[in-house]
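Notes follow the structure.
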Amino acid sequence: MKEIKVPSITANEDVVKLSEKIIIKKDTLIKKDEVICILESSKTSFEFLSPDEGYVHYLYNEGDELKIGETFLLISEKQLDDKFLTGLIKDNKPSYEQKISKKAKFLLTKHNIDINKIKKNGIINSQDVLAYVENKNFTKKIFQSNPENYSDLETVMKKNYKKTVDMKDIENLKDQLSYSQKKYQEKWNRFIPPFDVLFDRWKNAENYGFGNNSNISSMSYVIGDVKIGKNCFIGPFTILDGSGGLEIGDNTSVAAGVHIYSHDTISRSLSGGKFPISHSKVIIGSNCFIGPSAVVTLGVKIGNSCFIGANSVLTFDLNDKQAASGNPCEIIGTVEIGKNGVTIKK
Amino acid sequence: MKFLDRVNHGLDYFLSKDINNFIIGEDLLDPYGGAFKATKNLSKKYPSQIIGTPISESSFVGLAIGMTFSKNNVVVEIMFSDFLAIISDMLINTASKINLINNDLMQGKLFIRTPNGGRRGYGPIHSQSLEKIFFGFSEIKLISLNRAVDPYETYKKIFSDQYKSKINLILETKIDYPKKMITDQDFEKNGFKKNFIEIGLGITELYNQETKNDKSDFLFLCYGGMLEETLNAATKLFIEEELTSKILLPHQINPIEDQLINEIHSNKFDKLIVVEENTVDNSWGSLILSKLLKTQKNTNLSLDDIILLGSSTELISANIEKENNNLINSEKIFESLVNLK
């Protein structure tokens, strides 16, 4: 078997094109000096003659560029097996090589980072490596952080905030939030939305100026002048409207989905804007329980240790220890705090 | 998608557009199809519209100018741009004056197209870039095609009825012919993004991914085949020193459009680098410089910030290695700039 190399057909050109293969029928023996292909340079075409008698096997496809001096044809005394040829057929598609700046290479070595860890369509530069290192440290820090202190995540996130956000940042953020969600679940046996993982409930309450040890979900709307005492629980999806003023005492629980309004737009809407928005302060005492999805309307005053049932719409005042429920809401009894527990006495 | 195939496609479009469109020049007919095969298969397809000529550039450019008097549009292929010197009399003293002297005598348009530049080892009279002969003649529009923008699309614009210029000289870099077009993905692998500014025939803008809105270290200006050398140099400047670049690559190089100058002024950069295969004296760079000087009062651009790079004035050698010493290339561009910062 003879390996046939690409000839130089014009001076100073290092590549030629395989313009045309002269297709020879299978099992046909070609003679010496028969045309077997046409090579093309930038300025001329060249009929390539077989240097010997035998069977021709092309290693490239028509249109491929061939480097001068490389093997592009085989001529054999016997027909060659297709399987044998498959491994020899050249793929002259350029292989992709990730480009890296020298500074980036230095940093990769310094931090002992595998280049394949950084994905980029372009040149990897020192900023990419530093961002990776920072991100790695960030993730490490989160793993090492006390899962009780979720505000740490917020602090680190702020530090890592960049002007431009790419998909890599978003993917990293998603990974970090997922991790935090898992830790939260381990700690509290609750799987909650990322917002409440990201922002610590107690820290939120502190930021709002609520009393000591109160907490509020990040999924709450707090509007206007809202004052809340200590040890209160404000659940997710709640609306605390202080536009007309809202005060809540100590140890009160506002369950998920409760809306407390100190304003309404009923008069304004019904009068076509003739009358203004109505405001009136809502005051809720200490040790109260407001059930899920209850609504408290403007101006309502609720005493201490009151119970409001789920889905109630409370439009009137309650004295201390009164229990109310329903829509329309009714007084259903009084709250009795005994030695063995709490009951509603009808 | 190879550059040459797209040029061929553009010429095919030209001939298909009107029976009064002609291509004339040496060795254009099949099977040869032109020295660089730009007209391959076209004489078979449009036998009456391709005219083979003897080796007499001045005469057949004169013929083409005459044909435009009868509303014919004519593409003339000049086999090597070195022969632009021969036709310069026809273009400068005849074509560019005749409409002014004889009340728009040229009813059709003239398109001279020619393979330009060196790097093939063709020696001193087949490797030059002589477009500088025509700089400053406002009636002669010089257009340089490049591998960042499909020449077929550019030719469609040039051959359209909306394109009004009567005398056009189109440079095709000869080493680009067998090469593939540079795709957006190719640019991205080198860390560059591409933007096409739709002004006239268009300006291609390439910028380091990191510098779209920020200041770049270098603003390069180049055309035609200099794209590859400039891009390689800019890529190396980033890899070696993380120096950032933006490249502006106009199609029209004469007359210089105000929009190109505005683009230069609107960019933030430390150094403006004009790169061309011409020799530097009396060059495109000096033309750019004179335009900038007229407008620099509006900017902080100083002469110290402008660098003109081009080829040596020595004879271009037929020896490929020596030719490499004569012509500007990416290594020389890199070496000229790397220590400036």
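The values are calculated or read from the model by the stated rules, or taken from the named source; none is laboratory data. This one's a predicted model, so the numbers in the text were calculated from it and none came from an experiment. Glycine also receives a Cβ, built like all others from the backbone with ideal geometry; neighbour counts cover every protein chain displayed.
Strands (runs of 3 or more DSSP E) wholly in region B:165-223 with at least 1 residues that are over 12 Å from B:Arg147 (Cα atoms), among the aromatic types (Phe, Trp, Tyr) and within 12 Å of chain A (Cβ to nearest Cβ) - which ones?
Once the strands (runs of 3 or more DSSP E) in region B:165-223 are filtered for at least 1 residues that are over 12 Å from B:Arg147 (Cα atoms), among the aromatic types (Phe, Trp, Tyr) and within 12 Å of chain A (Cβ to nearest Cβ), what remains is B:192-197, B:203-208.
Which count do you get for residues in region A:267-285 that are over 28 Å from A:Cys232 (Cβ atoms) and either surrounded by 13 or more Cβ atoms within 10 Å (Cβ to Cβ) or touching a His at 6+ places or on another chain (Cβ under 6 Å) (or both)?
So the answer is 3.
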_Suppose the filter is surrounded by fewer than 20 Cβ atoms within 10 Å (Cβ to Cβ), over 27 Å from A:Val335 (Cα atoms) and not aromatic (Phe, Trp, Tyr); does A:Gly303 pass it?_
no
*Within region A:206-214, identify whether any single residue is under 25 Å from A:Gly309 (Cα atoms), modelled with pLDDT of 90 or more and touching a helix residue (DSSP H, G or I) at 6+ places or on another chain (Cβ under 6 Å), and answer yes or no.*
yes
*B:Phe14 vs. criteria under 22 Å from B:Phe69 (Cα atoms) and touching a residue at least 40 places away in the same chain (Cβ under 8 Å)*: yes
*So, of the residues in region B:49-83 that are surrounded by fewer than 20 Cβ atoms within 10 Å (Cβ to Cβ) and hydroxyl-bearing (Ser, Thr, Tyr), which turns out to be farthest from B:Ala38 (Cα to Cα)?*
B:Ser70
*Output the qualifying pairs, or none if there are none: Cβ atoms under 6 angstrom, residues six or more apart or on different chains, first residue in region B:20-37 and farther than 12 Å from A:Thr44 by Cα, second residue basic (Lys, Arg) and surrounded by fewer than 20 Cβ atoms within 10 Å (Cβ to Cβ).*
B:Asp30/B:Lys44
_Can you tell me which of (1) away from chain A (no Cβ under 14 Å); (2) on the phi < 0 side of the Ramachandran plot; (3) surrounded by fewer than 20 Cβ atoms within 10 Å (Cβ to Cβ) is the one B:Tyr155 doesn't meet?_
(3)
_Can you find, within region A:30-66, the residue that is surrounded by the fewest Cβ atoms within 10 Å (Cβ to Cβ) among those that are among the aromatic types (Phe, Trp, Tyr) and more than 14 Å from chain B (Cβ to nearest Cβ)?_
A:Tyr55
*What do you reckon, is B:Ile86 closer than 26 Å to B:Phe134 by Cα, surrounded by fewer than 17 Cβ atoms within 10 Å (Cβ to Cβ) and either touching a Ser or Thr at 6+ places or on another chain (Cβ under 7 Å) or modelled with pLDDT under 95 (or both)?*
yes
*Output the qualifying pairs, or none if there are none: Cβ atoms under 7 angstrom, residues six or more apart or on different chains, first residue in region A:173-185 and farther than 9 Å from A:Val197 by Cα, second residue in a helix (DSSP H, G or I).*
A:Gln176/A:Thr139; A:Gln176/A:Ile142; A:Tyr179/A:Ile142
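So that you can scan it fast, the table gives a plain yes or no per residue for (1) of a type outside the set (Ser, Thr, Tyr); (2) in contact with a strand residue (DSSP E or B) (Cβ under 9 Å, 6 or more places away or on another chain); (3) within 14 Å of chain A (Cβ to nearest Cβ); (4) surrounded by 14 or more Cβ atoms within 10 Å (Cβ to Cβ):
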residue: B:Asn254; (1), (2), (3), (4): yes, yes, no, yes
residue: B:Leu260; (1), (2), (3), (4): yes, yes, no, yes
residue: B:Ile264; (1), (2), (3), (4): yes, yes, no, yes
residue: B:Ser286; (1), (2), (3), (4): no, yes, no, yes
residue: B:Ser290; (1), (2), (3), (4): no, no, no, no
residue: B:Ser330; (1), (2), (3), (4): no, no, no, yes
*Got at least one residue in region B:231-252 being among the acidic types (Asp, Glu) and under 21 Å from the mean Cα position of the chain (by Cα)?*
no
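Residues being among the hydroxyl-bearing types (Ser, Thr, Tyr), under 23 Å from A:His279 (Cβ atoms) and in contact with a Phe, Trp or Tyr (Cβ under 9 Å, 6 or more places away or on another chain): count how many of those fall in region A:289-346.
Counting residues in region A:289-346 that are among the hydroxyl-bearing types (Ser, Thr, Tyr), under 23 Å from A:His279 (Cβ atoms) and in contact with a Phe, Trp or Tyr (Cβ under 9 Å, 6 or more places away or on another chain) gives 1.
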